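Undergrad: Here's a structure for you.
Any read-out appearing in this document is the output of simple, stated calculations on the displayed coordinates, not a laboratory observation. Model, not experiment: these values are computed from the prediction. FYI the Cβ positions are ideal-geometry reconstructions off the backbone, even for glycines, and counts take in every protein chain you see.
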Amino acid sequence: MRVEEELAELSSEKDMLLTIGVFDGVHLGHKYLISQLKERARQQNLLSGVVTFRQHPLEVLSPQTELPYLTNLEEKVNLLKKEGVEAVITLSFTPELAQLSASQFVSLLKKYLRMRGLVIGPDFALGRDREGNADTLRKLGQEMGFSVTVIPPVKINGEIVSSTAIRNALANGDMKRVVSLIGRPFSLQGRVTTGAGRGLKLGFPTANLEIDPKQTLPPEGIYATWAYIDGKAYQSVTNIGRRPTFGGNGRTVETYILDYHGNLYGRELKIELVERLRGEKRFDTVEELKKQITEDVKRGKAVLDSRTRK
């Protein structure tokens, strides 16, 4: 069984307090849950651990459903580690794992990770057909010797912080609301590839990012962004769209980085989206487009100058 093989490779030498979930976006709700996990682990002299998955469960349970991710696996693990959790355990979510009962899954966690307790949200459930809700887990805990602690959700302006709420805010291009839910600017990351070179001809050379098609993207338009190169943040303006002036069809992410002149081809580039400046539109002439880009860069710089970088 693959999940058992993965857990065996990650077996713990000390008793652990765990939380389990997809943690897509690692938002403020996730961060609060993890802070409670760490505090309780400290009080009980246990290791704090997060169990997460390489794939979203819906990819296995409902493969016809498209659910773009907010953070890829690498970024998610890095963000979880930044929260100070002592162990991040990534498991492959397979059809085999999905068929495990709640009892079977927690038995594996007890056997290999020495789980002494679970810290979960109120709507959490695990096991086949989501049978392992909070009440079921408490009963299993009494039988098998582990605690279950339910942490209330985080609300902002009356709204429960969730990955779904963040996707909705992104779909509306409401970057301010996204930041309020995640606790940081939304970011995109990808390898810089060779584009058509139109930006250079226009006087605004852009870095064209190769973005995973499963990555959630905000609406097409122009955004004020920070671009990170060798750990340094540069002001930038990013176009997410289809380049309608030039008859483009495929969706692209192109970033013009202010005050940077190096070669980025083949390198990984991370950008943080701060504010949507305008929607994408078609221009009748190249001169009109150049004039608008000049204005976009000016406005984007003003926005970034007024913000404190995270």
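Undergrad: Can you work out the Karplus-derived ³J(HN,Hα) for every residue in segment 27-40? Use 6.51 cos²θ - 1.76 cosθ + 1.60 with θ = phi - 60°, whole Hz, and x for glycine or proline.
TA: Taking θ as phi minus 60°, the curve returns 8, 5, x, 4, 5, 5, 4, 5, 4, 5, 4, 4, 5, 5 Hz for segment 27-40.
Undergrad: Moving on to the next point. List the equivalent ellipsoid semi-axes of segment 185-305 in whole Å, largest first, each obtained as the square root of 5λ for an eigenvalue λ of the Cα gyration tensor.
TA: 20, 16, 15
Undergrad: Okay, moving on. Quick one: what Rg and Dmax do you get for the chain from the alpha carbons, in Å?
TA: Computed over the Cα atoms of the chain, radius of gyration and Dmax are 22.3, 74 Å.
Undergrad: Any chance you could count the Lys pairs in segment 185-305 whose alpha carbons are under 28 Å apart, treating pairs 8 or more apart or on different chains as valid?
TA: So the count works out to 26.
Undergrad: OK, next. Provide the FRET efficiency to the nearest 0.05 for the T285-D174 pair, computing r from the beta carbons and using R0 = 41 Å.
TA: It comes to 0.80.
Undergrad: Restricted to Cα positions, what overall size does segment 1-97 have along the principal axes? Three whole-Å values, descending.
TA: 44, 33, 18
Undergrad: Still on this model: Just L170, L289, L46 to compare: in a GNM of the chain, with alpha carbon springs under 10 Å, which one fluctuates most?
TA: L289
Undergrad: If you restrict to DSSP beta bridges whose two residues both lie in segment 2-159, what percentage is antiparallel, to the nearest 5?
TA: Approximately 10 percent, going by the DSSP bridge assignments.
Undergrad: What is segment 108-178's relative contact order, in percent, from Cα pairs under 8 angstrom and six or more apart in sequence?
TA: So the answer I get is 26 percent.
Undergrad: Kindly put R167, R138 in sequence by how many other C-beta atoms sit within 10 Å of each C-beta, fewest to most.
TA: Final ranking by Cβ density, sparse to dense: R138, R167.
Undergrad: Of the options A98, S236, G21, report the single residue whose Cα projects farthest towards the positive end of the charge dipole of the chain (beta-carbon charges: Lys, Arg +1; Asp, Glu -1).
TA: The residue sitting farthest along the positive end of the dipole is S236.
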